[in-house]
1. So which residues in region 300-321 are more than 24 Å from residue 53 (Cα to Cα) and not in a loop (DSSP other than H, G, I, E, B), if there are any at all?
2. As an exercise: evaluate residue 46 against (1) modelled with pLDDT under 90; (2) within 16 Å of residue 336 (Cα to Cα) and give the number of the one condition it does not meet.
3. Answer yes if at least one residue in region 275-285 is modelled with pLDDT of 95 or more and farther than 22 Å from residue 333 by Cβ, and no otherwise.
4. Looking at region 77-97, is at least one residue closer than 24 Å to residue 32 by Cα and without any contact (Cβ under 8 Å) to a residue 24 or more places away in the chain?
5. So, in region 340-353, exactly how many residues are surrounded by fewer than 22 Cβ atoms within 10 Å (Cβ to Cβ) and over 18 Å from residue 142 (Cα atoms)?
6. Of the residues 203, 194, 167, only one is within 19 Å of the chain's Cα centre (by Cα) and modelled with pLDDT of 95 or more; which?
């Protein structure tokens, strides 16, 4: 009798936890943090970066207003563009920042990639920027990354020139493309436990290196779309990754890229539809273009993904999804970022220059 009662109590407890998780997700809503100042075309929010120690400090790279900083959790914003090269001479809207990477050991040191002018570096949190692209052959930047355990090296993915590795001490970039079948880099993530292991999403699938980019191997087995737009790696289990594609939906691997499986339940489809096919989520093909994917660092079963219709949340590692658009007044999402402090906050940047925050208690 005691065993039956104990078993019943355990089931009730588990059911309550599930209900609380669902209620938390459904009751949370997005809050607008920033939008384009009147008369100034901010352009798309291309990337969001959170200070590793001060979670109220947020950086965004934009398509028109350059590098913006908030030190109060998004209430107010200041552009910090001194030293950048303007795309349009003499304009305030010519600073196109495509990617950002913060040095985890020295957070005032930040790297920013511009649309066509290479990589810039600041050592004072954006007060002044210096161009460090003298030895960089391809200046069309796409993604930057620094490993917390090896901050003397920076990796850059470019739009057609492959991957470059930057030696901080030598102030030198080196091209690292051996084995890459496609040099249009859309995403780059690093194994949190091993800085030598890196994955890139390209216009020719996913590639992996286990030797700090000295050589690459294509690992796209199971991915039905060649265009991989975004990647996310599980911080607790680095062999578990997600890949979002342009036209193929979302894929998952549990063995470091040995094999990928389509995921998504009723939200994502795993193959490009016919012209008149409507996806189970009610959208014509748009949910098959995954713009960003991130993993909750506290509870890694929770995954977020975005596309042209908004943001989706999965609480079971991608098996099932729910749309979480309450409060989201712009739904064409360019990028996602996540911050974990006392609570987990998800940030979404949109194509029309807005930044939203979504907090799970």
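The values are calculated or read from the model by the stated rules, or taken from the named source; none is laboratory data. All values derive from a computational prediction rather than experimental measurement. Glycine gets a Cβ as well: all are built from the backbone with ideal geometry, and neighbour counts include every protein chain shown.
1. Hits for region 300-321 are 305, 306, 307, 310, 311, 312, 313, 314.
2. So the condition that residue 46 fails would be (1).
3. No, region 275-285 contains no residue that is modelled with pLDDT of 95 or more and farther than 22 Å from residue 333 by Cβ.
4. Yes, region 77-97 contains a residue that is closer than 24 Å to residue 32 by Cα and without any contact (Cβ under 8 Å) to a residue 24 or more places away in the chain.
5. Summing the residues that are surrounded by fewer than 22 Cβ atoms within 10 Å (Cβ to Cβ) and over 18 Å from residue 142 (Cα atoms) in region 340-353 gives 7.
6. After applying the criteria, what remains is 203.
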